[in-house]
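To start, the structure under review is shown below, and the notes come after it.
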Amino acid sequence: MELVNNKYELDLHWVKEDLDLGIACEGVFFKDMAKLTQVISKVKDTVKKINLDNQSAFKVIPSVIGECICLEELDISHTGITSIPDFVFELPSLRSLSCRCSELAVFPSGISKAQNLEFLYIRINKGTAIPSEVSSLKKLKVLSLDLYSDEAFPAKLGDLSNLEELTLLIKYDEGKVPALPDSFKNHTALKKITVNDIFYRHRKTIEIEHAAKILSSCKNFESLKISGFDTGKSSKHFSRLTGIKELELRHLLVEGNIFNSIKGLTKLEKLCILGSDLKIAAVPDIFADMKELREFTFAGNMVFDIPPSIYTLAELKTFEFGCTAISSIDEKITNLQNLESIQIHDNLLEKLPANILSLPKLKLLNIEENIFTPGYIKILNEKIKAAAQKGRKIDFFYDRQGYRENVKKLRGIRDINNVNIEAYSKFCINAINENPYAIKYVNAKKLKDTPLYVNLCTAAIKKSIFVLENIDHESLGRQYYFHLCMEASKSKEIGNFFKLIRSDLLSDSMYIQICMEAALNNRSADFIENLNTDVFQKRFKREVYERICWVSALHYPKTISKMIDPTEEIRKMSK
């Protein structure tokens, strides 16, 4: 295979095949590093871009890289390198470096030599910190950090006087969120910050007040994206960012209605609010002064109405309102003559404004997962085809009408106090039969002092034991919670989800019974790791641990590999 067909760009990245995800292999995987070095040598005098992403066998950066005097972009992410020699940073033309490497124990201080670097994408591994030398990269415009460590940022990080974009991807399960250094105050170049926590099930607290004070002093700051944190009361300080043009808030825990914190952000051009965690009961009518708003996205909260001032946004091009309980769209939407995209998916809509297709710039209409009838869809299709014949092409998406209808009806009950228990329980069971995860939308307090909530939880767990994390433990009580955990332990999937069981809510005898039942049914080699924790080892004697391991190994021998100091008897039995 000819690997060098462009003397200026050498793309040697590798994508491993994953049949489960439908991913085909891509590129060439190098096992022989001498071959890889040979390929690079052929273009060392001319190559400007080298991509070695995912070449996991690549352990050492060859000296030939240092001879690529024209090299501007180098990607060595997801390789097996353990160090980066100084000759990489001394490359005179190097503008972009991507080194998200899990084996890189310490990020080298030699980075300070890369004075022409404009784009830096790095991984900070557990127990390490961002080297203070990064602050000396005066030409750096974009800094993206994959953080596996919660170490504080260098105090002088804000000395990056040309930095325009800062991205923080939080990839550690537990720890604090590093604060934005005070050195960013009055920064003249900073435009955009993105902070994303991929482990948002274990909420970390992010302090908005401190960051907002700093960012409000940055005259060119215009975009903030935050996802997966607990902001608490500090979310009210978003109101300080009066000059911001783009705000994206996803999967946040906040105190109060987040819209009340942003109603004064009148320069917004793009606003995105997503996630049921926000628990927004209504979108307040705050948009009258947001004259510049061009894109509005809202999804994941069971609100019933679209605020009237939305229909006054003359500049609006993209309107998305999904995963809500709205059942109608006002005819005034046709006043928004600049609308190009309308996405009103996953609601309870059964008809649209009569003239919605007359919007002159409309290019996309998405009404998927509502409750439109086949006849109504047919009429819309005919109108869109007629428009196409006149030269107006509108992409139309309308699949899965009626999808999760019962779940949405449960979430969309306006006044639960006016619904009697029998009717409410029927809503609940219909929703759980449709999707077991609907248990998290059941108001357990409404069903208190009846067996209905227990029955609903049991029905949900029989469909998916993952719903254990959505159970309202307080409303159940210890005994009922024990019965639910025993039911979950009968699943062959229990080994993968055993950690969802709250041992602190159970007596010793209850928890041992659950462990035994799980050991009988488990089909995961990692099951025993749930018992190897300090909490379990301190709570129970060694003989209890061995007894559970014995049962587990008897029914699924692979689990013995995870046992701490297995006895000779258990070793023999597992063989």
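The values are calculated or read from the model by the stated rules, or taken from the named source; none is laboratory data. All of these numbers come straight from a predicted model, not from anything done at the bench. Neighbour counts run over all protein chains shown; Cβ positions are idealised from the backbone, glycine included.
Observations
- Scanning the stretch 244-277 for residues that are among the hydroxyl-bearing types (Ser, Thr, Tyr) and more than 22 Å from Arg411 (Cα to Cα) returns Ser261, Thr266.
- Qualifying residues in the stretch 237-262 (those that are more than 19 Å from Thr318 (Cα to Cα) and of a type in the set (D, E, K, R)) - the one surrounded by the most Cβ atoms within 10 Å (Cβ to Cβ): Arg240
- Scanning the stretch 275-286 for residues that are over 16 Å from Ile306 (Cβ atoms) and surrounded by 16 or more Cβ atoms within 10 Å (Cβ to Cβ) returns Gly275, Asp277, Leu278.
- Residue ID - nearest to Asn51 (Cα to Cα), chosen from residues in the stretch 80-110 that are in contact with a Pro (Cβ under 6 Å, 6 or more places away or on another chain) and surrounded by 17 or more Cβ atoms within 10 Å (Cβ to Cβ): Ile84
- Residues of the stretch 485-530 satisfying the condition of being of a type in the set (Val, Ile, Thr) and assigned to a helix (DSSP H, G or I): Ile494, Ile512, Ile514, Ile528
- Among the conditions (1) under 21 Å from Ser144 (Cα atoms); (2) surrounded by fewer than 20 Cβ atoms within 10 Å (Cβ to Cβ); (3) over 30 Å from the mean Cα position of the chain (by Cα), Glu67 misses just one, which is (1).
- Qualifying positions in the stretch 523-558 - touching a Ser or Thr at 6+ places or on another chain (Cβ under 6 Å) and polar (S, T, N, Q): Ser552
- Residue in the stretch 171-184 that is modelled with pLDDT of 95 or more and among the polar types (S, T, N, Q) present: yes
- Among the residues of the stretch 329-348, those identified as in a loop (DSSP other than H, G, I, E, B) and touching a Ser or Thr at 6+ places or on another chain (Cβ under 6 Å) are Asn347, Leu348.
- Filtered residue count, the stretch 502-517, keeping only those that are at pLDDT 95 or above and closer than 20 Å to Ala459 by Cα: 2
- Of the residues contained in the stretch 434-454, none is found to be at pLDDT 90 or above, in a helix (DSSP H, G or I) and of a type in the set (S, T, N, Q).
- Qualifying residue in the stretch 265-283 (condition: in contact with a helix residue (DSSP H, G or I) (Cβ under 9 Å, 6 or more places away or on another chain), within 26 Å of His187 (Cα to Cα) and not in a helix (DSSP H, G or I)): yes
- Options Ile429, Ile512; residue that is surrounded by fewer than 21 Cβ atoms within 10 Å (Cβ to Cβ), over 28 Å from the mean Cα position of the chain (by Cα) and more than 30 Å from His555 (Cβ to Cβ): Ile429
So that you can scan it fast, the table gives a plain yes or no per residue for (1) in a loop (DSSP other than H, G, I, E, B); (2) without any contact (Cβ under 8 Å) to a residue 24 or more places away in the chain:
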| site | (1), (2) |
| --- | --- |
| Ser56 | yes, no |
| Ile61 | yes, no |
| Val64 | no, no |
| Leu104 | yes, yes |
| Arg123 | no, no |
| Leu145 | no, no |
